[in-house]
Amino acid sequence: MAEPTSSSAKEDEILALEYNTTNVKKAKLNSTLAALLDDPVLSDVPRKPSLSDVDTLISLELGSAMRVSVLKLDGTSFDVAVMNSATVKDLKLAVKKKVNEMEQSKMGHRHISWFVL
């Protein structure tokens with residue numbers, strides 16, 4: 001009967017090591033990602049980038065996307081990146097996303113009504 005107990009203890013130890021290794025890897029990845037996002041070269045990457053954000057930024061570097069500057073009525077401006085094949089709807093969604101990100105970074109969670117008459 002001592003055999004199953006020692007093998008189960010070994011399995012538990014192996015699982016604990018795997019769990020700790022996974023947590024260590026995730027922590028290292030998160031710290032590396034945070035350090036990369038603080039780099040001024042990557043200042044245009046959002047804090048929590050989606051796959052489409054990264055894809056658009058890569059396409060921007062390769063010349064198959066464009067950066068559009070939006071001038072607001074208060075005189076401030078911001079840039080959004082969209083694919084060269086983007087539609088007006090894609091541009092509108094990119095502007096909405098950028099405005100929501102800027103508002104949330106300044107004032108926390110807010111909801112802007114985008115209702116158009």
(Q) Give me the extension gain from E101 to L71: residue separation times 0.36 nm, minus the current Cα-Cα distance, reported in nm with one decimal. (A) 9.1 nm
Q: Can you tell me how much longer the chain between A35 and S85 gets when fully stretched, taken as 0.36 nm per residue apart minus their C-alpha distance, in nm with one decimal?
A: 14.7 nm
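Each reported figure results from applying straightforward, stated rules to the coordinates on display, with no laboratory input. Keep in mind that what you see is a predicted model, and the values were worked out from it rather than measured.
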